[in-house]
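Read-outs throughout are calculated quantities, based only on the coordinates presented, and are distinct from any laboratory measurement. Being a predicted model, the structure only gives us computed values, none of them experimental. Cβ coordinates were reconstructed from backbone atoms using ideal geometry, including for glycine residues, and neighbour counts include every protein chain displayed.
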Amino acid sequence: MIDEKRIIKECEERLLVGTNVIKMIEEQPKILEWIPLEKKKPENGARVLLSFKNEGQKPQLGVYREDEEDFYVPFTNHITYTSLGRVVNAWMSIPEPYTAEKCKKEDSPSWKREVLNDFMKGAYE
């Protein structure tokens, strides 16, 4: 015989944990994903890749200044993209430079193995 209520409760708890983990992962900034400016602003002084609302404008690098809530053209202390008539609508972190070691594929990343191994641990005991 099985304790149906106990098993259902444990499965529901594990499902809740899994759902919370997924939610936490989804809330994190993604590699090479544009972040709308109205959703989140970069850290003060961060050098980031910028997307512009202006038609035909290609992405460019910029430095965010929190005190002025504006993006500066890199290597200048006074030229903002706003002063050039460009409207920033999104940004993303600059990707890490290429290295052969980082491009070696793992069968599955360690965080994935840990989450999957822990997710249903003890469900069939």
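Applied to the stretch 45-60, the Karplus parametrisation 6.51 cos²θ - 1.76 cosθ + 1.60 on θ = phi - 60° returns per-residue 3J(HN,Hα) values of x, 6, 8, 9, 8, 10, 10, 10, 5, 4, 5, x, 7, 7, x, 9 Hz, with x for Gly and Pro. Once backbone amide H atoms are built at 1.01 Å from N, Val88 has Lys53 as its partners under 5 Å, excluding neighbours fewer than 5 places away on the same chain.
Among Met1, Met24, sorting on how many other beta-carbon atoms sit within 10 Å of each Cβ, with the fewest leading, yields Met1, Met24. Every pair of different Cα atoms in the stretch 32-97 enters the Kirkwood calculation, which places the hydrodynamic radius at 11.8 Å.
Subtracting the Cα-Cα distance from 0.36 nm times the residue separation, let me have the gained length for Glu13 to Leu61 in nm, one decimal. Display every interim value, and only then the final one.
On the way: separation 48, 0.36 × 48 = 17.28 nm, distance 4.48 nm.
Taking 0.36 nm per residue and subtracting the Cα distance, the gain is 12.8 nm.
Among Thr76, Thr82, the ranking by other beta carbons within 10 Å of each residue's beta carbon, starting with the fewest, stands as Thr76, Thr82. In this label model, Gln28 and Lys41 are separated by 2.6 nm, measuring between points 7 Å along each Cα→Cβ vector.
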